[in-house]
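Okay, so here's the structure we're looking at.
The values are calculated or read from the model by the stated rules, or taken from the named source; none is laboratory data. Predicted, not measured: the structure shown is a model, and the values here were computed from it. Here the Cβ positions follow ideal geometry from the backbone for every residue, glycine too, while neighbour counts run over all protein chains shown. What goes into the accessible areas is simple: the full protein's heavy atoms, side chains included, and nothing from ligands, DNA or RNA. Shrake-Rupley method; radii C 1.70, N 1.55, O 1.52, S 1.80 Å.
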Amino acid sequence: MLLLELGILVILEIVLFRYLISRFSAKFSDIPNERSSHTSPVPRVGGLGIFLVYIPLLYIAASQRDIDFSLWFWFGLLTIFALGLVDDLFSLNALFKLAVQTVVAIIYVLQSEQLIHNLYGLFGVHQLPLWLGTVLSIVFLVFIINALNLIDGVDGLAGGTTVISLIFLWFIMDDPSHGLLYGFLVASISVFLGFNFNKRRKTFLGDSGSLSFGFILGVGVLELLSRDDLAENLVHLGINPILLSALILGYPLLDTTRVFIVRIFSGLSPFNADRRHIHHGFLKKGFSHAGTSTFIMSALFMLGSLNYCLTLSKVNDHILLLINIVFMLGLRFLVKFQTGRVLKTWKFFHHTLFRPLKLLWLKWVDTSESA
């Protein structure tokens, strides 16, 4: 049944993307500016194409299985999606967007009662006061919503890193409701990536997509941390749930934190738009969009494997956190100071391993009239 539903979802996504790109590209186009890596207008209909199919099909599939996603989840997702969609059309003020996101986060955390209530010994802290856990949860949700939006500066990166995080959450949650929630979204993102990398009729994700990705991932982590059965089982296995959540969010969490710190120390607003993200460094040094995304996602896969081995070896939580921070910073310095060797090596691996898969997928979701 699930495979049939996924097949229907994929077909509907492809049809909708073709329609949106051909009919609404002028209204949703991303016009190049001094920070852009593209040179011509590109439609921002990725989020629209994903969630116009994802939301109703998820609701129908959940209803057929008597799975009840909370009213506050639907409220938050629809509001954040609508906010991003309006921003794609009219370029809303940053403070207004932040205010709406904060209100959504406050309502969701207070009504769902899913919050960070324990650090499980990380930094020597265990149980948190209710007020502090509530504030931390609201700040965390707003931060993650924006983190996915801020790394959406290169083809495939926001979608690809979201898929990696969703797969980890799916594996940990291991129940039918999350199988639908995350499985449907992974399939939808896979279709989007086929159009995102398509040279003839390209589309960007847009804020409607990246903000919604951030909300779903943030809510997933809050649910993980608020479920005592899961958290206690992880602690029993020697895994700190807080640290695990940070590792699941990986690249967007660490890169956005790094950029915020650099901007603040430079006397700028943390939300000031610039080209300080790790992926910007890759592009400046000659990496293609596809090369940048596959390099970072491959590095994240390597880091995930390393974390798994270190966790089984009962490595101290603080040492594990430090290793991840050093690893992510190392990506930036590796490309900055060893550009020639890294680029040459990665071009070989990219053309050997990833390009055939990319071409096969693009052929299947080709938006040409003859497809």
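Some points to look at:
- Among the protein heavy atoms, those of His318 account for about 80 Å² of accessible surface (1.4 Å probe, every chain in place).
- The region of the chain that goes longest without hitting one of the GluC sites (Glu not before Pro) in a DSSP loop, each with at most 16 other Cβ atoms within 10 Å, is 114-368.
- Euclidean distance between Cα centres, the range 229-244 to the range 93-118, Å: 25 Å
- Proximity of backbone amide H atoms, modeled 1.01 Å from N, is registered between Asn118 and Leu128 at under 5 Å, excluding neighbours fewer than 5 places apart on the same chain.
- If the chain linking Val139 and Arg275 were pulled fully straight, counting 0.36 nm for each residue of separation and taking away their Cα-Cα distance, it would gain 46.5 nm.
- Surface accessible to a 1.4 Å probe, Asp317 within the full protein complex, Å²: 40 Å²
- Only protein atoms count toward the accessible area here, which uses a 1.4 Å probe; on the chain, the carbon and sulfur part of that area reaches 68 percent.
- Net charge dipole size for the range 185-284 [Lys, Arg +1 and Asp, Glu -1 on Cβ; Debye, nearest 20]: 900 debye
- Taking 0.36 nm per residue of separation and subtracting the Cα-Cα distance, full extension of the segment from Asp228 to Ile107 would add 41.4 nm.
- Taking all protein chains as they are arranged and a probe of 1.4 Å, the heavy atoms of Lys347 leave approximately 110 Å² accessible to solvent.
- The simple spin-label model puts a point 7 Å past each Cα toward its Cβ; for Lys199 and Thr352 those points are separated by 2.4 nm.
- Å² of accessible area per residue within the chain, as computed with a 1.4 Å probe and no ligands counted: 47 Å²
- Summing Cβ point charges (Lys, Arg +1; Asp, Glu -1) relative to the Cα centre of the chain gives a dipole of roughly 1940 debye.
- The chain: DSSP helices with Cα axial extent of at least 20 Å and average Kyte-Doolittle hydropathy no lower than 1.0: 2-23, 46-64, 71-90, 94-112, 130-150, 157-173, 176-196, 207-226, 241-265, 289-312, 317-337
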